[in-house]
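Before any comments, here is the structure.
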Amino acid sequence: MSYQSVTDQRAALQSRKVSAVELSDQAIARIEALDGKFNAVVVRDFDRARAAAKDADAAIARGEDRPLLGISMTVKECFNVAGLVTTWGIAGTESNRVDFDSVAVARVKAAGAIILGKTNVPTMLMDWQSYNPIYGITNNPWDVTRTPGGSSGGGAAALAAGFVPLEFGSDLGGSLRVPAHCCGVFAHKPTHGIVPMRNMSPPGSPQVAVSAPVDLAVVGPMARSAGDLSLVLDIVAGPDQREAVGYRLDLPPARHARLADFRVLLLDAHPLVPTDPAIRAAFGDLARKLEKAGCIVDRSSPLLPDLAQIAATFTELLMSFVGADMPDAEYKGARAAVDALPPEAPAIQAAHMRCLTLSHRDWIRADRRRAAIAGQWRAFFQAYDVVLCPVMPNVAFPHDHRPMMQREIVVDGKALPYGLQGIWAGLANVTGQPATAMPIGLSPEGLPIGMQIIGPYLEDRTTLQFARLVEREFGGFVPPPALR
């Protein structure tokens, strides 16, 4: 049962081939046996999970059939779960126990899910690695010397290790899609604003009855199949409390039912960052398969918004967001560092640091550029159904816990600033497009390679359908060799 999908486990539960108690016990036993190597599930709630599994079996015996009834899962540490601590990996918050669920957690619980615990994150969710001073380092099940990605890295590792079939995470700068790419699993970054984020905030932040969407940020599901992502999105998407008085969510159906009917733009090159040869090779192989299946696959289009402009706008908005969360003393230090930058400072470093201290006037100008980009995407998606592109320019990289400004990545033999890894992820975030991440192959050293499928605003079902069809035709998740 370790690598079964939610769909398969639901069928087994309803046919009485297995009980919810058996499923939860199997998941708990696997976590206890294997997680010492990975450190993915860092907050454990096994006693309450076993009790919830007994309740689920009783409900199934009564004839109930909720979408996740009896399914064990984990959630990212940043989500509030009543009775558990929420720390965001911030030292000194270890006793921050909460007595309420985030909206997403409440909705999966209402659908019958059993929460086994919470998975590891980087401090303040600000890294493409997953480590912090409270819970330590999470390792990638494909290679424990490498990152599982971040910030939803613990969840991706739990899925790849076969602990649970389902996880819930968040994404501001690739935090769902990067771990999915690094660990060879699936994730869906929903259209901005369609899944409420209430009660997912750092310790000490004020909790409000209804919270507006956070700029650039979303919450969404992670799984080992596209079908499971669709199942969970239907459960959690929809307006929160006050908004539900005035409107309901009605996502359009997928544009096509057959792979051959999709019009695809495939990108494997970006003007600001090189792409690893293994990733380019995987995309080339996929392009040939799609064309053979009847898809229209283009490699360029004059309708595509300017990728460099998107990256610049995303950097301004993202780093302004990061600066807003800085403590006053740290923010003043960043301003002083910006003033002290020498003229010869690397352009990317200078740009990132200056964006930390954007004025509101500058932010408004960046937001207006974002609106123009959104208009360009609308025109683009009249001619195409999806964009296929990398999640990152490189595969999962070795652990590197130096200060971020000192880190580098190596892509195609070239050393690059660490922050350049987020450029591909920002393609979907800046204008709130839906993006589904899925595995498409392995690198020569046997590490997963992921793809993101970007679609039109509010057309989440189209990207999910495309992922489902690609998975059906060409394959999807495979377990790490050491765990097969």
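A quick yes/no check of all residues on (1) in contact with a helix residue (DSSP H, G or I) (Cβ under 7 Å, 6 or more places away or on another chain); (2) open to solvent by less than 10 Å² (accessible area, probe 1.4 Å); (3) of a type in the set (Ser, Thr, Tyr):
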position	(1), (2), (3)
425	yes, yes, no
440	yes, no, no
444	yes, no, no
447	no, yes, no
461	no, no, no
473	yes, no, no
481	no, no, no
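Conditions tested, residue by residue: (1) under 16 Å from residue 38 (Cβ atoms); (2) surrounded by fewer than 24 Cβ atoms within 10 Å (Cβ to Cβ); (3) among the small types (Gly, Ala, Ser).
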residue	(1), (2), (3)
114	no, no, no
143	yes, yes, no
146	yes, yes, no
157	yes, no, yes
186	no, no, no
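Can you name the residue in region 207-224 that is modelled with pLDDT of 70 or more and surrounded by fewer than 24 Cβ atoms within 10 Å (Cβ to Cβ) and is also farthest from residue 241 (Cα to Cα) among such residues?
First, pick out the residues of region 207-224 that are modelled with pLDDT of 70 or more: 213-224.
Add one more test, that the residue is surrounded by fewer than 24 Cβ atoms within 10 Å (Cβ to Cβ), and what stays is 213-217.
Values: 213: 13, 214: 17, 215: 20, 216: 21, 217: 19 Å.
Selected residue: 216.
Screening region 434-476 for residues that are assigned to a loop (DSSP other than H, G, I, E, B) and touching a Leu at 6+ places or on another chain (Cβ under 8 Å) and picking the one that is nearest to residue 397 (Cα to Cα) gives 434. Only one of the numbered conditions (1) open to solvent by less than 10 Å² (accessible area, probe 1.4 Å); (2) under 30 Å from residue 363 (Cα atoms) is not met by residue 199, and that is (1). For residue 169, the stated conditions hold: it is in a strand (DSSP E or B), open to solvent by less than 10 Å² (accessible area, probe 1.4 Å) and over 22 Å from residue 36 (Cβ atoms). Given 79, 100, which one is hydrophobic (A, V, I, L, M, F, W, C), open to solvent by 10 Å² or more (accessible area, probe 1.4 Å) and part of a loop (DSSP other than H, G, I, E, B)? None of the other options fit; the residue is 100. Being over 20 Å from residue 373 (Cα atoms), free of Cβ contacts under 8 Å to residues at least 40 places away in the same chain, not in a loop (DSSP other than H, G, I, E, B) and not charged (D, E, K, R) is a property that residue 278 lacks. Put simply, of 10, 66, 50 the only residue that is modelled with pLDDT of 95 or more, part of a helix (DSSP H, G or I) and within 23 Å of residue 231 (Cα to Cα) is 10. For residue 228, the requirement of being touching a residue at least 24 places away in the same chain (Cβ under 8 Å), open to solvent by less than 10 Å² (accessible area, probe 1.4 Å) and of a type in the set (Asp, Glu) is met. Residue pairs, Cβ under 9 Å, 6 or more apart or interchain, first in region 435-464 and under 11 Å from residue 177 (Cβ atoms), second acidic (Asp, Glu). List them. Correct list of pairs: 435/171; 436/460; 438/471.
I'd like the full set of residues that are surrounded by fewer than 16 Cβ atoms within 10 Å (Cβ to Cβ) and not charged (D, E, K, R), limited to region 8-24.
Taking region 8-24 first, the residues surrounded by fewer than 16 Cβ atoms within 10 Å (Cβ to Cβ) are 8, 11, 14-17.
Correct list: 11, 14, 15.
Could you say which residue among 153, 136 is in contact with a helix residue (DSSP H, G or I) (Cβ under 6 Å, 6 or more places away or on another chain) and either free of Cβ contacts under 8 Å to residues at least 24 places away in the same chain or closer than 25 Å to residue 419 by Cβ (or both)? The conditions single out 153. Of the residues making up region 169-209, those that are closer than 18 Å to residue 226 by Cα and basic (Lys, Arg) are 177, 189. Being under 24 Å from residue 179 (Cβ atoms), in contact with a Phe, Trp or Tyr (Cβ under 9 Å, 6 or more places away or on another chain) and among the acidic types (Asp, Glu) is a condition met by at least one residue of region 24-33.
Scanning region 427-450 for residues that are in contact with a His (Cβ under 8 Å, 6 or more places away or on another chain), under 12 Å from residue 171 (Cβ atoms) and among the hydrophobic types (A, V, I, L, M, F, W, C) yields 435, 437.
The values are calculated or read from the model by the stated rules, or taken from the named source; none is laboratory data. Everything numeric in this text was worked out from a predicted model, so none of it was measured. Counting neighbours? That spans all protein chains shown, and the Cβs are built from the backbone with ideal geometry, glycine included. Only protein heavy atoms, including side chains, enter the accessible area calculation; ligands, DNA and RNA are left aside. Shrake-Rupley method; radii C 1.70, N 1.55, O 1.52, S 1.80 Å.
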